[in-house]
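Here the structure comes first, spelled out in structure tokens, and everything after it is commentary.
The values are calculated or read from the model by the stated rules, or taken from the named source; none is laboratory data. Fair warning: this is a prediction, and the values are worked out from it, not measured in the lab. Cβ coordinates were reconstructed from backbone atoms using ideal geometry, including for glycine residues, and neighbour counts include every protein chain displayed. Remember, those area values only see protein heavy atoms, side chains included, never the ligands or the DNA or RNA. Shrake-Rupley method; radii C 1.70, N 1.55, O 1.52, S 1.80 Å.
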Amino acid sequence: MADHSSTAPGTAHSADHGHDDGRRDFLLLSTLAVGAVGAGLAAWPFIDTMNPSKDVLALATTEVDLSPISEGQSITVIWRGKPVFVRRRTKAEITEAKKTLGEKDPEADDKRTKKPEWLVVIGICTHLGCIPLGQKTGDPKGDYNGWFCPCHGSAYDTSGRIRKGPAPTNLAVPPYEFTGDTTIRIG
Amino acid sequence: MKTQVLAAILGGLLAFGAIQAASAAEGQAAPKLKWTTDGVTGHFDRAELKRGWTVYKQVCASCHSAHQLYYRNLTDIGFSEAEAKAIAAGDSVPAGPNEAGETHVDGSPIMRPALLSDKLAAPYANANAARAANNGALPPDLSLITKARKGGADYIHALLTGYKEPPAGFQLQQGMAFNAYFPGFQIAMPAPLVEGAISFDDGTNATVAQMARDVSAFLIWSAEPELEDRKRMGIKILAFLLVFTALLYALKRKIWADVH
Amino acid sequence: MATQFKNPVVRWIDHRLPIFTFMEHSAVSYPTPKNLSYWWNFGSLAGIILVIMIATGVFLAMQYTPHTAMAFDSVERIMRDVNYGWLLRYLHMNGASMFFIVIYIHMFRGMYYGSYKEPREILWIIGVLIFLAMMATAFVGYTLPWGQMSFWGATVITNLFSVVPVVGTVIVEWLWGGFSVDNPTLNRFFALHYLLPFVIFALVFLHLWALHTHKSNNPLGIDVKGDKDEIPFHPYYTIKDSFGLGVFLIVYLGFTFFAPNFFGEPDNYIPADPLVTPAHIVPEWYFLPFYAMLRAVPDNFIDVFGILPIIISAKAAGVVVMFGSIILLIFLPWLDSSKVRSSQFRPVFKWAFWLFLLDCIVLGYVGGQPAEGAMLTIGRLCTFWYFFHLLVVVPFLGKYEKTRPLPESISAAVTAKESK
């Protein structure tokens, strides 16, 4: 309101109230300050409703029992609405994975696993978000025996690293830990 | 004139309040009790809630579901996460289709141990199963019961302790029990609480009065788990508003001082 | 005429889109009678509640599921799992009651001070339309939690349309999208509940436009005569409205935090069951006076008015009476022909007004009671008086009441009061 010059008739800012004006300005400023704090606080509950709710957070971790998975087999589990590939790698696959760092997004295999036998990666192609093939026995696994994305032909190796095609980075490794010999908790 | 108006408005509000009280149907009015959740500073007594949970779990839950509660909610009434997990693992819930796509094996559903993220296991698969097991009467879900009945926890407490012999000449239908607080005085639920039928972990004596109180308090929590947060926040916000409104009033007086 | 602003950015924008000039004219320098009492706070309060309702409503809609199988649980999820969901839901629930309290006070203030009279007839009529839109919004909104009262309230009220001759059933089935209140009904009610507040918003805009054309009425009900009678809206009424808002928020949030279910019905915390009707179906309190009028029409209406049964059944008459009670308000500016606006100078009308207010409150009480015995009789008498007041008392007093002399001007009256 301070930026208009027209003083309306009868406005309180008249010169003969100098002393009062000072007190009113102080009162006005403190009221405005308190009001601004109140308005700011009032906005938070509205914003916070859009954050993940308790029932969503309760599902933010997924526990996986690894015991039924035999060597060379993969399972897909859902974690936070995304597919996670859990693969029990064969000796040959591990050796293959350890031989190289990959080219496009070099990373050592032991940085990508907690136990060499188990590879846990988020099953979403880092190119444009398709789900790569290679989980089921009949699926194409691509040139590097890992996963193959049917959308634009990205091929991942047995460590989930990008080796060929347009995807820029390796399949992401989700945060997880072993809670027992054959159980992991993702998230 | 202002007083007339205020009187009229207040009268109106009171009238509406009276409507709520007056249309409480045929049952006897439940006596008003004191709860820790009452009033502006209302709060939960965690020990009471835990005892109430024991009563719910060991007595009520055999017929009554508490559909809105999750096992994870138990950490809000003083159980540790490990304890809540153990309680959950002790119950089983339908597991969903197995690899062969079956949900039932030999006619019974495939079950798995419950997780913290599961809702409390229900005693019956559906309302028809519940009726079939209870002489055609449907045990109501208890999670919102104190909000869904006039009198709230007072009513629940009165009902649980209100079983009596029917007065002479009262025609009780078969399989029904007499309860002065139940609308129509005949209730399909037999007196559920029996002295000493359960034992509390904290050593409290499990009298009928104690159990009724504890489980009613638990049901207040289950219906309004936000109650404590709500009242604490309310005090702060109203205090803030009183100060702010007082400031506004002072400013209003100042600004209007020169209007003649 | 455009206002000259100091800030160059503001000036640049205002030259192209005079939005700042508009705001300056309508909320800053806007000339307002200097004698407005606190009864004039309720208009701006209603506007603020509308904004609160839309804001809480939009965020609630992000979490709500309009499906018969999920609606009830989705509301409970809001109450339990959504961060501050309970706060938004209780604000919305109690906000509806507060909205009606404020609107009723606003309407009765208009009646007491004759704010509907020339040249403010259209202002009043738009107000009645806003009231109707609010009732529709509140009704469809109450269905959404899908509790027992939601379901049965929706069933009873939609069934009212079955009284339309010949096509009644067709209309009701069209409203339902089926043969009873069910999922299609819930879905469309949700869509309408989201839409109608914006219709109200548009009507409020027209309401304000009409208001600003002839400016506010005032407790004396006389026209403003020159600058001495007026003060600029800012800072005088901005601060007065702000103070009123503070008081209102204390009441509103007091209910929200400490008695959030005071205005509600326990039955609505029982999920809807199409096979079990609650013992007493009661609408929300703000509909009770109209509900009482609906039930006031006797079953033997047919015998009472020999000729009418051919065209109208008792049930239909109840519906006509109920909707008529609101529609009639539209004609109030013409039913009341008195040139004097304010009841302060109408000694008889003043009492008629208080009697009418009492009549409405008693109707509200009766509406919440079972329709039997004395309640039914009282309800009938009050319904009769409601119409008698509007159709007979008001026109009669307009013609024959001897009004007291009006003061010369607002400032003259204020000075006279101060010198006493």
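Miscellaneous remarks
- The residues of the stretch B:203-234 that are more than 14 Å from chain C (Cβ to nearest Cβ) and under 18 Å from residue B:145 (Cα atoms), listed by number, are B:211, B:212, B:213, B:214, B:215, B:216, B:217, B:218.
- Number of the condition not met by residue C:343 [criteria: (1) touching a Phe, Trp or Tyr at 6+ places or on another chain (Cβ under 8 Å); (2) more than 11 Å from every other protein chain (Cβ to nearest Cβ)]: (2)
- Residue within the stretch C:164-182 that is more than 14 Å from chain A (Cβ to nearest Cβ), of a type in the set (Ser, Thr, Tyr) and either touching a Cys at 6+ places or on another chain (Cβ under 7 Å) or open to solvent by less than 10 Å² (accessible area, probe 1.4 Å) (or both) present: no
- Considering the conditions (1) closer than 21 Å to residue C:292 by Cα; (2) open to solvent by less than 20 Å² (accessible area, probe 1.4 Å), residue C:155 is excluded by exactly one of them, (2).
- Qualifying residues in the stretch A:109-162 (those that are open to solvent by less than 10 Å² (accessible area, probe 1.4 Å) and over 26 Å from residue A:181 (Cα atoms)) - the one nearest to the chain's Cα centre (by Cα): A:125
- Against the test of being at pLDDT below 90, open to solvent by 30 Å² or more (accessible area, probe 1.4 Å) and among the aliphatic types (A, V, I, L, M), the options C:308, C:249 yield a single qualifying residue, C:308.
- Against the criterion of being assigned by TED's automatic domain parsing to the domain that holds residue C:146, more than 30 Å from residue C:178 (Cβ to Cβ) and acidic (Asp, Glu), residue C:73 does not qualify.
- Here the stretch C:263-289 is the region considered, the condition is being surrounded by 20 or more Cβ atoms within 10 Å (Cβ to Cβ) and more than 9 Å from chain B (Cβ to nearest Cβ), and the residue that is nearest to residue C:89 (Cα to Cα) is C:284.
- Filtering the stretch C:112-151 to residues that are surrounded by fewer than 20 Cβ atoms within 10 Å (Cβ to Cβ), more than 11 Å from the chain's Cα centre (by Cα) and either closer than 22 Å to residue C:358 by Cα or not β-branched (Val, Ile, Thr) (or both) leaves C:118, C:119, C:121.
- Residue in the stretch B:158-172 that is touching a residue at least 12 places away in the same chain (Cβ under 8 Å), under 22 Å from the mean Cα position of the chain (by Cα) and within 22 Å of residue B:87 (Cα to Cα) present: no
- Selected residue (criterion: nearest to the other protein chains (Cβ to nearest Cβ)) from residues of the stretch C:37-50 that are crowded, with 18+ Cβ neighbours inside 10 Å and more than 17 Å from residue C:252 (Cβ to Cβ): C:39
- Residue C:360 under 15 Å from residue C:110 (Cβ atoms) and within 14 Å of chain B (Cβ to nearest Cβ): yes
- Within the stretch B:184-200, the residues that satisfy the criterion of being in contact (Cβ under 8 Å) with a residue 40 or more places away in the chain and either open to solvent by less than 60 Å² (accessible area, probe 1.4 Å) or touching a helix residue (DSSP H, G or I) at 6+ places or on another chain (Cβ under 7 Å) (or both) are B:184, B:188, B:189, B:192, B:193, B:198, B:200.
- Total residues in the stretch C:401-415 satisfying the condition of being in a helix (DSSP H, G or I) and surrounded by 16 or more Cβ atoms within 10 Å (Cβ to Cβ): the figure is 4.
- Residues located in the stretch C:19-35, provided they are crowded, with 19+ Cβ neighbours inside 10 Å and aliphatic (A, V, I, L, M): C:28
- Screening B:61, B:84, B:100 for residues that are without any contact (Cβ under 8 Å) to a residue 40 or more places away in the chain, open to solvent by less than 50 Å² (accessible area, probe 1.4 Å) and away from chain C (no Cβ under 14 Å) leaves exactly one candidate, B:84.
- Scanning the stretch C:15-36 for residues that are over 30 Å from residue C:410 (Cα atoms) and at the interface with chain A (Cβ under 10 Å from one of its Cβ atoms) gives a single hit, C:20.
- Long-range neighbours under 6 Å by Cβ, at least six apart or interchain, first residue in a helix (DSSP H, G or I) within the stretch A:43-65, second among the polar types (S, T, N, Q): A:48/C:83
- Filter result for residue C:53 (out of contact with any strand residue (DSSP E or B) (no Cβ under 9 Å at 6 or more places or on another chain), without any contact (Cβ under 8 Å) to a residue 12 or more places away in the chain, in a helix (DSSP H, G or I) and surrounded by 15 or more Cβ atoms within 10 Å (Cβ to Cβ)): no
- Output for the stretch C:56-90, where each listed residue is among the charged types (D, E, K, R) and closer than 16 Å to residue B:67 by Cβ: C:73, C:76, C:77, C:80, C:81
- So residue C:197, is it away from every other protein chain (no Cβ under 14 Å) and open to solvent by less than 30 Å² (accessible area, probe 1.4 Å): yes
- Top-ranked residue in the stretch B:105-161 [being among the small types (Gly, Ala, Ser) and in contact with a strand residue (DSSP E or B) (Cβ under 8 Å, 6 or more places away or on another chain); ranked as most open to solvent (accessible area, probe 1.4 Å)]: B:125
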